[in-house]
Amino acid sequence: MDIRRRALLCAFTLIASMQAVFGQTPDLVARGAYLAKAGDCAGCHTAAPVPGKPQPHPFAGGLPMGSPFGTIWSSNITPDAEHGIGHYTYEDFARALREGVAPGGKHLYPAMPYPSFAKIDDADMRALYAYFMHGVEPVAQSAPETHLPFPFNQRWALVFWNFAFAPNERFTGDPKREAQWNRGAYLVQSLGHCGACHTPRGPAYNERGYSESSRTYLTGGTNDHWYAPDLTGLPGAGLGRISADDIAAFLKTGHGAGLATFGSMVQVVEDSTQYLDDDDLHAIASYLKSLPANGDGGTFDARSRSARQSIAALRTGDDERPGAGLYQSACARCHKSDGAGEPFKYPRLAGNPAVLSAQTDSLVRLVLQGGQAPSTEHGLEPKKMPAFSDKLTDTEIARVLTFVRSAWGNQASPVTTRDVRRMRDAVGPGARQ
Ligand code: HEC
Ligand code: HEC
Ligand code: HEC
């Protein structure tokens, strides 16, 4: 081979390898960054900001997570070789995410949603790995260690839990359904791990189902004293009356169909779903809209006689029901006498599925502690809901919520003073949201 041809060949090889390193990797890293948003890795693996202290490093861990067994701290997953996951091979990474086993055989608690991440496909797993190795700043700082009481400190015992409850299966989809449905199902079941909050848990803290093939999947669950409502087509307390476009808007901006995101869903929208592109948001919405009605909770009928009566009575101020007067003085300023709220500012309470839900934890906790709608790139300035823990007694909170659940055509079970007292004991007046 003459020297010029050899030089030419060398140049071609060089260009080809440069493309492999510089051409493909940035795309893969960018794709991984997007998937990390879809999986909300930063939401759990970044410590909460403390006023007066520097902003916590993304992915450096140290967020405490409440579980029925005690507090579990998230790990440092930056590529620092000593304190983070810099020493992970691709196989280590995929195994930690899918099987909940870190190098050295350390079994992870299912506060890390590996039963859902098991469904992540290989191409996405490689992109995530590329991002965590090349797109994230290493941070040399240890996350606090988790110390659960016996027997929950016996991590090896998770072998049995995994065997019984964590099907280590890739997403299969349904070839009879269209591509959009399959994309939505994939995002909800794998990276989105929506079921970690929205699926009821069994006695061993196991999610009761990981796909629509299970009847209890996404029919509502309680975690850390927030109730994540039913996402099936249930007409009262589910998404039956909410359109796919409104669901997509809710996930992007925190507002849709007059509802506002609150409680633990606020972080999900702020850290994760607001960054998804419109195709993915519509895919998620269309998958959720395909879930047949399942579960229970209250009902809504705007045309019922009691609906018309309650609106007329509130206007004239002669509603005798306990809670009606409290509603007028403490809540109507924002949520209005007819419960319709103000779009993009104050959520509507009439016909609001979260208000009609079977379980009232979220409503009680929100009225006690107050809240703030998510702050997003595309949404409006978020409004606040004031805390009522030191303004209303337990009985008054029970009454006003019972009223809200039975006015304007809403029909759902009452809230009792005991429900409120139990929540006050659990979250305390100054507990962090
Ligand atoms: C709902 C909260 C949550 C989400 C979302 C989450 N993690 Fe975790 N993750 C945890 C917790 C908690 C631990 C520590 C578990 C333990 O100590 O047993 C953990 C542990 C890990 C570990 C093991 C580290 C080690 O050696 O201790 C890796 C790797 C990891 N997560 C990666 C990810 C990635 C990548 C994502 C996004 C695709 C993600 N996690 C999303 C909560 C979460
Ligand atoms: C950390 C727990 C958590 C996770 C994870 C979570 N949610 Fe939620 N979600 C909640 C809570 C709590 C509420 C009730 C408050 C509200 O309506 O904003 C809620 C409400 C909702 C609502 C409004 C329902 C209604 O009836 O008003 C939708 C839609 C929703 N979530 C979709 C999703 C999707 C899709 C995912 C996965 C990408 C997801 N959620 C993941 C906790 C969670
Ligand atoms: C100053 C205005 C204001 C007042 C007064 C107020 N709220 Fe709210 N309320 C809000 C805002 C803003 C949200 C959304 C909060 C969030 O996103 O975290 C909200 C959310 C709610 C929700 C959840 C509905 C949803 O879809 O987000 C309920 C239930 C609720 N309020 C009930 C009440 C009750 C009961 C009272 C009176 C005791 C009351 N509010 C007083 C502003 C107010």
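Some observations on this one:
- Only one of the listed residues (Ala260, Ala302) is modelled with pLDDT of 95 or more and more than 16 Å from ligand 1 (Cβ to nearest atom). That residue is Ala260.
- Helices (runs of 4 or more DSSP H) (entirely within the range 245-341) containing at least 1 residues that are within 16 Å of ligand 2 (Cβ to nearest atom), closer than 16 Å to Leu401 by Cα and not aliphatic (A, V, I, L, M): 332-335
- Ser362 falls short on exactly one of the conditions (1) assigned to a loop (DSSP other than H, G, I, E, B); (2) within 9 Å of ligand 3 (Cβ to nearest atom), and that condition is (1).
- Figure legend. Inter-residue proximity from the range 337-357: first residues under 19 Å from Gly263 (Cα atoms) and more than 9 Å from ligand 3 (Cβ to nearest atom), second residues small (Gly, Ala, Ser) and in a strand (DSSP E or B), beta-carbon distance below 7 Å, spacing 6+ or different chains. Indicated pairs: Leu356/Gly297; Ser357/Gly297.
- Residues within the range 309-336 that are of a type in the set (A, V, I, L, M), without any contact (Cβ under 8 Å) to a residue 12 or more places away in the chain and buried (at least 16 other Cβ atoms within 10 Å of the Cβ), tallied: 1
- Restricted to the range 58-77, and to residues there that are crowded, with 18+ Cβ neighbours inside 10 Å and more than 26 Å from Ala426 (Cβ to Cβ), the residue that is farthest from ligand 1 (Cβ to nearest atom) is Ala60.
- Taking helices (runs of 4 or more DSSP H) as the structural unit, those lying wholly within the range 122-196 and holding at least 1 residues that are at pLDDT below 95 correspond to 158-165.
- All conditions but one from (1) surrounded by fewer than 19 Cβ atoms within 10 Å (Cβ to Cβ); (2) out of contact with any Ser or Thr (no Cβ under 6 Å at 6 or more places or on another chain) apply to Pro414; the one that does not is (2).
- Every pair of residues 6+ apart whose Cβ atoms lie under 7 Å, when the first sits in the range 394-422 and is in contact (Cβ under 8 Å) with a residue 12 or more places away in the chain while the second is of a type in the set (Phe, Trp, Tyr) and outside any helix (DSSP H, G or I): Ile397/Phe388; Gly409/Phe300; Asn410/Phe300
- Once the range 35-59 is narrowed to residues that are touching a residue at least 40 places away in the same chain (Cβ under 8 Å) and out of contact with any Leu (no Cβ under 9 Å at 6 or more places or on another chain), the residue that is nearest to Gly192 (Cα to Cα) is Ala42.
Matching residues to (1) among the small types (Gly, Ala, Ser); (2) crowded, with 19+ Cβ neighbours inside 10 Å; (3) assigned by TED's automatic domain parsing to the domain that holds Ala33:
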{"residue": "Leu187", "(1), (2), (3)": "no, yes, no"}
{"residue": "Ala204", "(1), (2), (3)": "yes, no, no"}
{"residue": "Asn223", "(1), (2), (3)": "no, yes, no"}
{"residue": "Ala257", "(1), (2), (3)": "yes, yes, no"}
{"residue": "Val268", "(1), (2), (3)": "no, yes, no"}
{"residue": "Ala285", "(1), (2), (3)": "yes, yes, no"}
{"residue": "Ser290", "(1), (2), (3)": "yes, no, no"}
{"residue": "Ala293", "(1), (2), (3)": "yes, no, no"}
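The values are calculated or read from the model by the stated rules, or taken from the named source; none is laboratory data. Since the model is a prediction, treat every value here as computed from it, not as a measurement. Using ideal geometry, Cβ is built from the backbone for each residue, glycine included, and neighbour counts are taken over all protein chains shown.
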